[in-house]
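> Can you keep this structure in mind? I'll have questions shortly.
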């Protein structure tokens with residue numbers, strides 16, 4: 001019997017924030033895994049007693065990547081507590097800003113943070129530019145920025161860069177690793193788009209700034225509506241948004257989607273059920289309200305839960321089913337999971353072993369372990385796409401089937417690292433269509449003479465019930481819980497996407513989504529844990545979000561008010 | 001306030017700068033730089049446009065344009081080690097949106113980004129070794145950029161990095177100590193930022209407060225890429241830190257008040273205010289002071305350069321400034337949607353300054369009152385810690 005080897009991977013790079021992964025390797029495969037968040041910031045106690053109108057700007061700083069999500073989820077939770085809804089124009093502008101964030105986030109994630117888990121720089125150096133051009137035309141009718149000359153130039157640039165010996169961020173990269181499976185020409189195509197994506201991300205950030213003031217950390221959202229009324233009334237602004245949207249569409253259709261097809265095609269042996277996906281249950285709260293009352297059925301991104309990979313039905317979300325366990329998290333409290341409004345959380349750091357490894361059987365992460373109806377959940381694009389597929393929401397099923405047919409695949413193969421990566425790309429295209437629609441809706445609403453952007457409200461003299469906004473951030477399901485009295489926040493809590501996915505074990509010892517997904521992945525060389533990174537990155541970890549949770553409010557759960 | 005009145009500026013004669021440039025640049029390196037530019041589709045003209053932009057942003061006279069261009073084409077790459085502490089990665093994100101990405105990324109090809117958590121290809125052991133080697137190899141030569149605040153409570157256990165579980169506090173101490181220059185990018189590493197807001201559960205502090213070293217603060221939540229890139233370039237050009245204000249912020253970027261350069265300033269003077277979100281004043285772009293705008297209390301160059309290639313900025317999008325480049329703004333500037341009565345700013349009464357201009361006698365009084373109020377507010381903030389101000393020479 002081969003011995004187990006224990007490996008600590010810290011820091012995990014190309015993510016937002018601070019994450020450690022520890023694995024046991026046996027027979028060159030992952031035998032066991034632990035996910036550890038290594039930073040705690042304590043944002044929630046800071047929110048207590050603040051002006052409710054400041055809370056959105058503050059929670060926004062949980063994350064500079066999904067820089068709109070917490071801002072909007074906070075604002076929606078406050079609006080639910082205050083019993084108001086913003087006017088149509090504000091809803092549409094929020095959707096337009098949010099669309100730019102989704103497209104930005106997905107594109108930057110795939111190229112800057114994830115693509116080099118699939119494409120090898122060393123491979124690109126061996127590519128034949130002529131063949132690369134042919135390959136690009138095989139995977140797209142009008143491939144983005146493709147020509148023999150262009151590919152030759154990119155190759156030359158890479159050669160020079162590697163020859164210089166000063167590799168900067170590429171230092172120590174796993175060049176030439178055998179787990180890279182693309183032909184050299186595909187490596188070159190994807191790396192050329194890696195450089196093109198630097199432009200696209202700037203364009204997408206500008207789209208957010210048109211109505212959002214700036215990116216990161218936009219500043220035009222207020223409780224009751226939006227402030228960028230001048231930009232809304234300026235016809236030039238919608239023109240700018242749409243022309244940039246066209247540029248982005250060109251990139252998504254002719255670079256991003258074909259690149260994901262390349263990966264699917266050449267990583268066929270990994271596009272199988274269970275490769276890098278240990279999750280059985282998938283959760284989505286639904287996002288992008290299409291009606292002013294925000295009902296779940298009419299959200300552009302679907303709401304629902306899938307249990308046990310059963311793709312015959314989707315259950316409705318009942319937020320009362322959410323609990324969080326701190327059995328293996330560095331907080332004091334009972335081991336069994338508690339509802340987020342009930343738990344009292346006090347940091348209790350119990351340290352690492354002398355050799356620097358985590359204490360596996362004790363507490364080992366700043367991330368808590370959320371569960372839904374006592375089940376481990378995966379959240380994010382894969383969950384949304386699956387829920388949309390099963391519930392036949394808008395045209396999601398059609399989009400997924402098109403992709404699957406192209407690769408002669410079935411829906412169960414989506415339960416994989418490749419599937420997760422593809423779901424993100426398919427969703428980007430889906431959101432792109434949505435943005436067109438909302439821009440059109442905004443124009444037609446203003447044509448009716450409606451210029452309203454804000455709804456007046458009154459501050460409650462008595463403390464409100466706990467109000468929850470169920471929301472979708474690019475990385476998955478996000479819930480903000482708030483209570484307000486007068487102008488002040490009396491209770492605040494957030495359960496974020498990466499907390500679900502990066503969860504440690506719970507009181508029953510069940511592994512979280514990252515941990516479970518790593519089991520059985522090949523690790524022939526523990527110094528170059530490429531498969532580990534490929535799968536962890538496919539979740540798009542956002543640790544600043546995941547690890548900020550604490551709740552100084554020990555109040556009992558009051559009568560619940562739910563509107564989403 | 002301006003660079004010209006600053007002693008450190010006077011020390012640097014043009015000849016000295018040229019001598020330094022001769023040392024660090026060569027004809028060959030410049031040639032190669034332009035070739036590289038051209039091969040990525042940028043003309044020399046594009047590049048000169050960029051240099052004149054950045055020269056102006058740095059508040060340098062036009063004679064410096066060619067020197068800024070030379071500094072960008074520097075012969076030896078200055079290594080940068082970029083550390084992430086308690087943060088949200090917004091500063092890195094902002095940095096990635098630089099004015100002209102390809103040119104800027106070339107600049108950063110020249111300024112070798114030797115270590116950066118978010119961008120490194122490798123993870124774990126490989127990258128840990130790389131960092132330690134770089135610190136050894138470039139000791140006394142590298143620029144250390146810190147993003148994020150330092151948790152200091154309970155010996156800093158709220159942040160650990162690396163396989164040995166080193167605290168952020170220990171890491172930042174160790175790595176800044178061997179740097180040639182230290183830069184704090186963003187309000188968190190400058191002043192503690194959001195996690196340091198009351199009650200500051202993790203004892204988060206800015207780098208200077210946490211470990212007492214000299215550091216250049218480039219605050220903002222996040223700072224514009226102009227301010228980050230400009231500060232780096234200033235160091236390359238002069239081989240010394242730019243003139244700073246009392247909060248260690250470069251004067252070229254933080255030397256003037258938002259309010260004084262605001263596009264809506266005329267409406268303040270005219271007494272035309274937005275009174276409620278989405279009202280007629282909001283549609284017309286009136287002053288946001290009554291909606292809580294902290295522009296009169298905030299020093300930054302946002303009105304001039306805006307964000308995302310000049311696309312927009314908070315006041316442009318109808319929202320007041322929240323003062324994000326000032327220390328402890330989460331506490332001191334709150335609530336953000338109400339005017340700060342502690343600052344004692346007086347607004348032009350009645351129909352504003354303009355309306356009174358035909359009433360002889362009241363004109364002077366009105367204008368003076370407003371002017372005194374405004375400037376007093378500015379000086380209150382500045383004077384707060386004037387004792388520690390050794391850098392500002394008046």
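> Output the peptides A:203-214, A:486-497 sorted from most to least packed, where packing is the average of other Cβ atoms within 10 Å over each peptide's residues.
Highest-to-lowest ranking by the protection proxy: A:203-214, A:486-497.
> Semi-axes, largest first, in whole Å: what does sqrt of 5 times each Cα gyration tensor eigenvalue give for the protein assembly as shown?
Sorted largest first and rounded, they come to 40, 35, 28 Å.
> Take the Cα gyration tensor of the range A:414-544, multiply each eigenvalue by 5, square-root it, and list the three semi-axes largest first, rounded to whole angstrom.
Working through the eigenvalues yields semi-axes of 39, 26, 10 Å.
> Across 10 Å bins from the origin, how do the percents of Cα pairs in the range A:41-198 run, short distances first?
For the range A:41-198, the pair-distance distribution reads 9, 28, 22, 16, 16, 9, 0.
> Now for a separate question. Could you tell me the ratio Rg/Rh of the range A:1-133? Both radii from Cα atoms, Rh via Kirkwood.
Ratio of gyration radius to Kirkwood radius for the range A:1-133: 1.14.
> What per residue convex hull volume, in Å³, comes out for the range A:143-290 when only alpha-carbon positions are used?
201
> Shifting gears a bit: May I have the pair-distance distribution P(r) for the range A:353-422, computed from all Cα-Cα distances with 10 Å bins from 0 and rounded to whole percent?
16, 35, 21, 16, 10, 1
> Per q in 0.20 1/Å, what log10 I(q)/I(0) does a Debye calculation on the alpha-carbon atoms of the range B:163-230 return?
Taking Cα atoms of the range B:163-230 as identical point scatterers yields -0.86.
> Oh, and also: Write down the radius of gyration of the range A:31-77 and its Dmax, each obtained from C-alpha positions, in Å.
13.9, 49
> Calculate the FRET efficiency for residue A:84 and residue A:412 from the Cβ-Cβ distance with a Förster distance of 56 Å, rounded to the nearest 0.05.
0.80
> Still on this structure, I have one more. Using all Cα-Cα distances in the range A:96-179, what percent lands in each 10 angstrom bin from 0 up to the longest?
15, 36, 36, 12, 1
> Students often get this wrong: which residues of the range B:149-183 have the backbone nitrogen under 18 Å from the point 7 angstrom along Cα-to-C-beta of residue B:136?
What the label zone holds, given the 18 Å backbone N cut-off, is B:163-164, B:174-179.
> Shifting gears a bit: If each residue of separation counts as 0.36 nm, what is the full-extension length gain between residue A:527 and residue A:142 once their alpha-carbon separation is subtracted?
So the chain would gain 134.6 nm between residue A:527 and residue A:142.
> While we're on this one: If the chain between residue A:443 and residue A:246 were fully stretched, how many nm would it gain, using 0.36 nm times the residue separation less the Cα-Cα distance?
69.2 nm
> Given N residues in chain A, what is its alpha carbon radius of gyration divided by 2.2 N^0.38 Å?
So the Cα radius of gyration is 0.95 times the expected 2.2 N^0.38 Å.
> Return the tail of the calculated pair distribution for the range A:110-226, meaning the percent of Cα-Cα pairs more than 18 Å apart.
59
> Extent of the range A:292-391 along each principal axis, from alpha carbon coordinates, in Å, largest to smallest?
51, 28, 22
> Convert 4 °C to kelvin, take the viscosity as 1.567 mPa s, use the Kirkwood radius over C-alpha pairs of the range A:244-310 as Rh, and evaluate the Stokes-Einstein diffusion coefficient in µm²/s, rounded to a whole number.
85
> Separate question: Based on C-alpha coordinates, I'd like the Rg and Dmax of the range A:471-543, in Å.
When restricted to Cα atoms, the range A:471-543 yields Rg and Dmax of 17.0, 60 Å.
No value in this document is a laboratory result; all are computed from the given coordinates. Here the structure is a predicted model, which means the values were calculated and not measured. Glycine gets a Cβ as well: all are built from the backbone with ideal geometry, and neighbour counts include every protein chain shown.
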